[in-house]
Amino acid sequence: MSYLDYSVERVPTGWRKVLYLNWPLVFLVTAVSCIGFLMLYSVSGGDIDRWAMPQMERFVAGMAIMFGLAFVPIWFWRSIAVVAYVICVLLLVGVEVMGHVGMGAQRWLVLGPIRIQPSELTKIAFVMTLAAYYDWLPIEKVSRPLWVLIPVLLILTPTALVLMQPDLGTSIMLIAGGGIVMFAAGVSLWYFGAVIAIVVGLITAVMESRGTDWQLLHEYQFKRIDTFLDPGSDPLGAGYNIMQAQIALGSGGWSGRGFMQGTQSRLNFLPEKHTDFIFTSLAEEFGFVGAGTLLMLYVLILGFCLHSALTNRDRFASLMTIGIAGTFFLYFSINMATVMGMLPAKGSPLPLVSYGGTSLMILLMGFGILQSAHVHRPR
Amino acid sequence: MRKSQREIAESSRLISRRVLMLGVIQAAVISTLGLKLRSMQLEHAEEYRMLSDGNSIKIRLLPPARGLILDRNGTVIAGNEQNYRVTLTREDAGDISTVVARLRRIIPMNDRQAAELITEIRRRSAVTPVMVADRLTWQEFSSIALNAPALPGVTPESGLSRSYPRAGDFSHVLGYVGPVSDFDLSKIENPDPVLRLPEFQLGKIGMEAKLEEPLRGKAGSRRVEVNSAGREMRELSRQEGQQGATVQTTMDARLQNYAAQRLGNESAAAVVIDVTNGDIVAISSSPGFDPNKFVRGISSTDYKELMQHDHRPLADKTVQGAYPPGSTFKMVTLLAGLEAGVINPGSRFFCPGYIQVAGRRFHCWSKGGHGTVDAVRSLEQSCDVYYYELAQKVGIDRIAAMARRMGIGVRHDLPMSAITEGIAPDRAWKMARYKQEWQVGDSINASIGQGYVLASPLQLAVMAARVATGKEVIPRLVRAIDGVVQPVPEFADLGINPLHLRTARGGMDAVMNGSHGTARRARIVAPEWQMAGKTGTSQVRNITAAERARGVISNDQLPWNRRDHALFVCFAPYEMPRYAVSVVVEHGGGGSAVAAPIARDILLFALADGLPPLSAYPDGERAKVEEMWSKMNLMPEPASKTARAKA
């Protein structure tokens, strides 16, 4: 279906688009971000300039970008999907060649004053490409092996590049995000069963490879796995974060210790209290009420996204929405599961709450495209 | 490529089904998260709360070493010394009285102290270490360490404590540090946690207080594993703190030492300023006190003695003391008159010994009068009537404005406590202060630095420096912080006619070197150090008509605290000024007899950078000076300088 097929005359134009935005979603995103500002203020010990203020500035900029993107017709994204994908792959190669090594991994690409993390951009671009692919592909061919192989390659190319950085977390996110789009597009369930079987096999192989010449992961990644399996084994080393996070989180109780009263995070037990472990501070200071509220807000955001996808008859827009919402879901569930000790610590931010410019910008860009899909849906 | 309606419907149906399945999976994941949260925060909250409160890993702060304070040549004037102390933790001690009794066999402690200590230990939390004694000798310290098995809960520790190697020389300017009190904490918003350490010391007064921030440094931390009783088991990691910044002052320790000894037991103050850059090379208030006593916790008898001393050793007279400047103020009045154009350097007034104004008689200090007096002579002989006449012509507002230009009545910003602004009174000031009109008599009093005029010794030194240079010399005390030399500003020109300045300086020269100079006896005879100065004697009481009728009583016959203040300001060398000095001796008597010799001696020491050759003194003074030197216990010359001199 080309853009000529849309009932263009019935799609809102100009400033009237404002009326057709998914406003509940805008408010929910703002609400979650506000929780983020509050927590950043708290973990900085009341120093607003440390984290809260820069984050607010980026949020304002990100919201502007979101509204800007919402006004761009959705069919524009479909037409540039392939170009965006190619650029992202090139950027990932660029990181490999000349990237800045930070935190033991090459993730940043420095272009003059701008530092970009191409792996974050890729998350959006390749969802876009997959959605465009399935929009183009006749439905009856969706599950044919050859037509399944193409999206698999589309997913694995950037994944392989990200894995070389090495960034296991993002690689898994990319595979899972792509999987969600393929799943929504209607690829036969048998394929997914097969992939899960292969993954289980691979994990076994990786664990077996430890200590041999063909070791498949870095030692620090193995350590994280160990720690995950038994955090008590090394409470002062790698398991330290997880132990302290759980103690902080659990000690919050029903209503928490009160704003700015968190002891664990205040005493610097938590080294990454403003990024990956911010959820523990929220849970400690506002208890189950606070943590549960945040979880509910996330569920509501997810709900509005999926509802928007279900009511959109345009296949590209619908798949795009599902892909972005799916990535969002992966983000917050992986982060929460990590700090609660259900997954190995792997350094993933809590979406819209953790301190960090790139992650916030990319999320708001994603929501911008999602809004665009909502505004320009066929009527 | 166009999609049919059928295809669109098919796509929507497929997506709906898959989204539903996705939704179910996501709902399952989120439910798991929610349940885990519920389990941790609601069902097991108590366990985690206990773990959190009794966390077996504690962060202990490492207090930073306080920054050193140096003199201009690098001599340490405030440093840190090793301090051995002993703490006791109730939890581990068991029977406290037994342990304390055993401790008393090693550390001398009277019954009252022991009782107080036991109360203090019982009052504090069982796991908090309480300081038992500090500043132990190495012998006491090691014998406690040796007897550790018999002294459960007792921990010998060593740390740093402030010390002032020059004792009383710098007591007022440096101030001192002391333990952090609750009152101190209440004044600080969001206090640094290191302030809560029991042994931590905070700048209380003087430079120690004013430069607290750079001097304090940054605390380090250690992560230690503690057992359930709170006792450290082992250190896990350590992050060293950062020592406070080293502050190099502009003061010269040897000159400061000389000045302190020269002032002796007088209640007095002396300030020496390098006029070329505003460096305060000495700033001494006498009598001093030993700041080390305050660091260690001064005993009540010592403190009472300091408080009751009638010479007020705790007051910093150099910047806190505001005195009527007396005749040292005459340069200000003279310059105000010359600049206003109401007189010129050659203008004369006739001094019959007094003038009659508004029905009141104002006396010159010389009963017989000075006859015809011009500007230079008015300073040389310190004729009062000249200034009475001048004040009526020029008016108080212009005198006050000139005083402020010269640094009197304005606050000089130095890192010292309670710096006074002094008073340069004018009409508006009197109206605001007393709701009264300014009277001619007020101007006449002010013209010779009496009445409402008040200046600190620092301000008088600044005035002398400004007269000497014609520039707006700004005093400073800090030369460098952490090796970063503070820039010396290019001083602005005061904008006073050079001829007028030369007249004032010529008058000051005549005071010392003129045949009738009031301070001729205190002159310097070495031509390369030729000195110019001005005496001042300021009354602290009104002479009643009855007293005057009986004849003015000489100072010696009065009780000490009713005698006149003796003041002196000076600079040298006359041709190319280097140092300006002010000296105020409270109730010292006459400026020329008491203050001028002190100022001269300090000035000579500064110029010679050590004891000057006797040949710089007038013949008649040499024997007296030599005797005075023999009684002094001066700081030795720095080794490097002796070596340089030999080479």
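Odds and ends about this structure:
- If you filter region A:229-270 down to residues that are on the phi > 0 side of the Ramachandran plot and at pLDDT 75 or above, you find that the one that is surrounded by the most Cβ atoms within 10 Å (Cβ to Cβ) is A:Gly256.
- On inspection, A:Asp226 qualifies as assigned to a helix (DSSP H, G or I), at pLDDT below 85 and acidic (Asp, Glu).
- Residue in region B:357-366 that is aliphatic (A, V, I, L, M), at pLDDT below 90 and outside any strand (DSSP E or B) present: yes
- Meets criteria (in contact with a strand residue (DSSP E or B) (Cβ under 6 Å, 6 or more places away or on another chain), open to solvent by less than 60 Å² (accessible area, probe 1.4 Å), hydroxyl-bearing (Ser, Thr, Tyr) and not in a loop (DSSP other than H, G, I, E, B)) for B:Ser143: no
- Residues satisfying the stated conditions in region B:343-353, i.e. open to solvent by 50 Å² or more (accessible area, probe 1.4 Å) and within 42 Å of the chain's Cα centre (by Cα): B:Asn344
- Positions within region A:148-173 being part of a helix (DSSP H, G or I) and closer than 17 Å to A:Ser348 by Cβ, in sequence order: A:Thr159, A:Val162, A:Leu163, A:Leu168, A:Gly169, A:Thr170, A:Ser171, A:Ile172, A:Met173
- Of B:Asp413, B:Asp442, B:Asp384, B:Asp397, all but one fail to be under 30 Å from B:Ile69 (Cβ atoms) and not small (Gly, Ala, Ser); the exception is B:Asp413.
For every residue, the table says whether it meets (1) within 29 Å of B:Cys364 (Cβ to Cβ); (2) out of contact with any strand residue (DSSP E or B) (no Cβ under 7 Å at 6 or more places or on another chain); (3) among the β-branched types (Val, Ile, Thr).
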residue: B:Asp397; (1), (2), (3): yes, yes, no
residue: B:Gly409; (1), (2), (3): yes, no, no
residue: B:Met416; (1), (2), (3): no, yes, no
residue: B:Lys430; (1), (2), (3): yes, yes, no
residue: B:Arg433; (1), (2), (3): yes, yes, no
residue: B:Asn445; (1), (2), (3): yes, yes, no
residue: B:Gly449; (1), (2), (3): yes, no, no
residue: B:Leu454; (1), (2), (3): yes, no, no
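- Qualifying residue in region B:398-420 (condition: assigned by TED's automatic domain parsing to the domain that holds B:Ile280, over 25 Å from B:Gly321 (Cβ atoms) and either in a helix (DSSP H, G or I) or open to solvent by less than 70 Å² (accessible area, probe 1.4 Å) (or both)): yes
- Scanning region B:42-66 for residues that are at the interface with chain A (Cβ under 8 Å from one of its Cβ atoms), part of a loop (DSSP other than H, G, I, E, B) and either in contact with a Ser or Thr (Cβ under 6 Å, 6 or more places away or on another chain) or modelled with pLDDT of 80 or more (or both) yields one hit, B:His44.
- Lone qualifier among B:Glu189, B:Glu199 - being open to solvent by 60 Å² or more (accessible area, probe 1.4 Å) and not in a helix (DSSP H, G or I): B:Glu189
- Some residue of region A:271-294 being under 14 Å from the mean Cα position of the chain (by Cα) and open to solvent by less than 10 Å² (accessible area, probe 1.4 Å): no
- Helices (runs of 4 or more DSSP H) (entirely within region B:563-647) containing at least 1 residues that are at pLDDT 95 or above: B:596-608
- In region A:183-200, residue farthest from the other protein chains (Cβ to nearest Cβ) [restricted to those that are part of a helix (DSSP H, G or I) and open to solvent by less than 30 Å² (accessible area, probe 1.4 Å)]: A:Ala185
- Contact map, region A:57-84: first residue more than 25 Å from A:Pro378 (Cβ to Cβ), second residue among the hydroxyl-bearing types (Ser, Thr, Tyr) and assigned to a helix (DSSP H, G or I), Cβ cut-off under 7 Å, separation 6 or more or different chains; pairs are A:Phe59/A:Ser33.
- So B:Glu213, is it open to solvent by less than 20 Å² (accessible area, probe 1.4 Å) and either polar (S, T, N, Q) or at pLDDT 85 or above (or both): no
- When residues in region B:13-31 are screened for being among the polar types (S, T, N, Q) and touching a helix residue (DSSP H, G or I) at 6+ places or on another chain (Cβ under 8 Å), 2 of them pass.
- Residue list for region B:19-30, filter: open to solvent by less than 60 Å² (accessible area, probe 1.4 Å) and more than 7 Å from chain A (Cβ to nearest Cβ): B:Ala27, B:Ala28
- Unmet requirement for B:Gly79, which otherwise passes all of (1) facing chain A (nearest Cβ under 9 Å); (2) open to solvent by less than 20 Å² (accessible area, probe 1.4 Å); (3) modelled with pLDDT of 85 or more: (1)
- B:Ser16 crowded, with 17+ Cβ neighbours inside 10 Å and at the interface with another protein chain (Cβ under 8 Å from one of its Cβ atoms): no
- Index of the failed condition, A:Ala309 passing every other in (1) crowded, with 24+ Cβ neighbours inside 10 Å; (2) within 14 Å of the chain's Cα centre (by Cα): (2)
- Any hit, region A:3-16, residues being at pLDDT 90 or above and open to solvent by less than 60 Å² (accessible area, probe 1.4 Å): no
- B:Ala259 satisfies every condition listed in (1) closer than 22 Å to B:Gly79 by Cβ; (2) touching a Leu at 6+ places or on another chain (Cβ under 7 Å) except (2).
- Where A:Ile369 falls short, out of the listed (1) in a loop (DSSP other than H, G, I, E, B); (2) crowded, with 22+ Cβ neighbours inside 10 Å: (1)
- Residue in region A:316-325 that is surrounded by 24 or more Cβ atoms within 10 Å (Cβ to Cβ), under 21 Å from B:Gln41 (Cβ atoms), facing chain B (nearest Cβ under 8 Å) and not acidic (Asp, Glu) present: no
- Pairs where the first residue, in region B:516-530, is closer than 14 Å to B:Leu614 by Cα and the second is basic (Lys, Arg), C-beta under 8 Å, 6+ apart: B:Ala522/B:Arg600; B:Arg523/B:Arg600; B:Ile524/B:Arg600
- Given (1) surrounded by 19 or more Cβ atoms within 10 Å (Cβ to Cβ); (2) more than 22 Å from the chain's Cα centre (by Cα); (3) of a type in the set (Gly, Ala, Ser), number of the condition B:Ala259 does not satisfy: (2)
- Qualifying residue in region B:518-527 (condition: under 11 Å from B:Gln381 (Cα atoms), assigned by TED's automatic domain parsing to the domain that holds B:Ala599 and assigned to a loop (DSSP other than H, G, I, E, B)): yes
- A count restricted to region B:96-132 and to residues that are surrounded by 15 or more Cβ atoms within 10 Å (Cβ to Cβ), outside any helix (DSSP H, G or I) and modelled with pLDDT of 80 or more stands at 3.
The values are calculated or read from the model by the stated rules, or taken from the named source; none is laboratory data. Not measured: the values here are computed from a predicted model. Here Cβ is always computed from backbone atoms with ideal geometry, including for glycine, and neighbour counts include all displayed protein chains. Surface areas here come from the heavy atoms of the whole protein model, side chains and all, with no ligands, DNA or RNA. Shrake-Rupley method; radii C 1.70, N 1.55, O 1.52, S 1.80 Å.
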